[in-house]
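Here the structure comes first, spelled out in structure tokens, and everything after it is commentary.
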Amino acid sequence: MSRAPFEYRTVDLTDEEYAADQAVYGGLTTALRRLGEISLLTTVGHDVVADATRQIEEITARLEAEVIPTPNFGVVVTKSRHVRGYGNAVVGMRNPVAPPLTIVQDLVKGGASAEFFLNALYEGPPGKVHGGVLALVLDQIFGEAAAAGGTPGMTGTLTLRYRKPTALGACSASAWVASTAGIKTIVKGELRDADGEVTVEAEGLFILPRWAREQIAESGETPPQYE
């Protein structure tokens, strides 16, 4: 039987402990996101920056006292079946690189959407979002749309048409299942700027990998999906 290229870790947390975990670690990541943006935009003097750097290094050393013994966070599943990909670069609650996105799935029609804010950390051309960041965001939303439609899969291809530059700031995106054929799902969608204008159109092919097909056939259950 084929094995998944990653594994889900199960943790024994009560719902109360899980909520506290989210509040504490989520608060840390929110602070780090703010720090990242301000570290880019600050114009304070070199002496202030040097002192702040020293303090940040001290805090880093404190947090480094206990870390996961792997180079990645992976996907964690609690005993009550909460599933979180905390390290995900788009939606990861504990990943300061993530904007992050809160994606809403439409389980009836098979789709997904999100409203989000891309600040200066995601800049490509001056004042505009980097095209690669837009591809990253759409890839995640498209994958969740495929899962919402009952046909989860890994990205096979993702084709984007950049209709106009996307300004930094408020954005939104939506995706929907266009068609399915066996293990293949076609998803289409678009990204809009703060004025509601479509700046990117995209289409993706998502394929249910062999290991997942074998897992489903053996257990009769769909593998856990990112939330």
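The values are calculated or read from the model by the stated rules, or taken from the named source; none is laboratory data. These figures come from a predicted structure and were not determined experimentally. Every residue, glycine as well, gets a Cβ built from its backbone with ideal geometry; the counts of neighbours run over all protein chains shown.
Specify the residue that is nearest to Val200 (Cα to Cα); the eligible residues are those in region 133-174 that are hydroxyl-bearing (Ser, Thr, Tyr) and touching a helix residue (DSSP H, G or I) at 6+ places or on another chain (Cβ under 9 Å). So that I can check it myself, show each step before the final result.
Of the residues in region 133-174, the ones hydroxyl-bearing (Ser, Thr, Tyr) are 151, 155, 157, 159, 162, 166, 172, 174.
Restricting the remaining residues to those that are touching a helix residue (DSSP H, G or I) at 6+ places or on another chain (Cβ under 9 Å) gives 155, 162, 166, 174.
Values: Thr155: 18, Tyr162: 5, Thr166: 8, Ser174: 11 Å.
Out of the qualifying residues, it is Tyr162.
Could you please let me know if Thr53 is assigned by TED's automatic domain parsing to the domain that holds Pro96, surrounded by 10 or more Cβ atoms within 10 Å (Cβ to Cβ) and modelled with pLDDT under 95? Outline the logic, then answer.
Details: assigned by TED's automatic domain parsing to the domain that holds Pro96: yes; surrounded by 10 or more Cβ atoms within 10 Å (Cβ to Cβ): yes; modelled with pLDDT under 95: no.
So Thr53 does not fit the description; no.
For residues that are surrounded by fewer than 17 Cβ atoms within 10 Å (Cβ to Cβ) and under 22 Å from Gly85 (Cα atoms), tally how many sit in region 121-134. It would help to see each step written out before you state the result.
So in region 121-134, the residues surrounded by fewer than 17 Cβ atoms within 10 Å (Cβ to Cβ) come out as 123-127, 130-132.
Pick out the ones that are also under 22 Å from Gly85 (Cα atoms) and you get 132.
Within region 121-134, residues that are surrounded by fewer than 17 Cβ atoms within 10 Å (Cβ to Cβ) and under 22 Å from Gly85 (Cα atoms) number 1.
May I ask you to verify whether Gly156 is part of a loop (DSSP other than H, G, I, E, B) and within 24 Å of Leu208 (Cα to Cα)?
When the stated conditions are applied, Gly156 does not pass them.
Is it the case that some residue within region 141-152 is under 30 Å from Ile38 (Cβ atoms), under 18 Å from the mean Cα position of the chain (by Cα) and buried (at least 17 other Cβ atoms within 10 Å of the Cβ)?
Here is the first cut: in region 141-152, the ones under 30 Å from Ile38 (Cβ atoms) are 141.
Those still in the list that are under 18 Å from the mean Cα position of the chain (by Cα) too: 141.
Now drop any that are not buried (at least 17 other Cβ atoms within 10 Å of the Cβ), which leaves 141.
Yes: region 141-152 contains one or more residues that are under 30 Å from Ile38 (Cβ atoms), under 18 Å from the mean Cα position of the chain (by Cα) and buried (at least 17 other Cβ atoms within 10 Å of the Cβ).
In the set Leu107, Leu118, which member is of a type outside the set (Asp, Glu), assigned by TED's automatic domain parsing to the domain that holds Pro152, at pLDDT 95 or above and surrounded by 10 or more Cβ atoms within 10 Å (Cβ to Cβ)? I'd like the intermediate steps shown before the answer.
On the way: Leu107 fails: at pLDDT 95 or above.
Testing whether each residue is of a type outside the set (Asp, Glu), assigned by TED's automatic domain parsing to the domain that holds Pro152, at pLDDT 95 or above and surrounded by 10 or more Cβ atoms within 10 Å (Cβ to Cβ) leaves just Leu118.
List every residue pair whose Cβ atoms lie under 6 Å apart, where the two residues are 6 or more positions apart in sequence or sit on different chains, the first residue falls within region 113-135 and is in contact (Cβ under 8 Å) with a residue 12 or more places away in the chain and β-branched (Val, Ile, Thr), and the second residue, located anywhere, is surrounded by 13 or more Cβ atoms within 10 Å (Cβ to Cβ) and not in a helix (DSSP H, G or I).
From residues that are in contact (Cβ under 8 Å) with a residue 12 or more places away in the chain and β-branched (Val, Ile, Thr), the pairs are Val129/Leu118; Val129/Thr166; Val129/Leu168.
Yes or no: Leu40 assigned to a helix (DSSP H, G or I), under 21 Å from Gly169 (Cα atoms), modelled with pLDDT of 95 or more and more than 20 Å from the chain's Cα centre (by Cα)?
Details: assigned to a helix (DSSP H, G or I): yes; under 21 Å from Gly169 (Cα atoms): yes; modelled with pLDDT of 95 or more: yes; more than 20 Å from the chain's Cα centre (by Cα): yes.
In short, yes.
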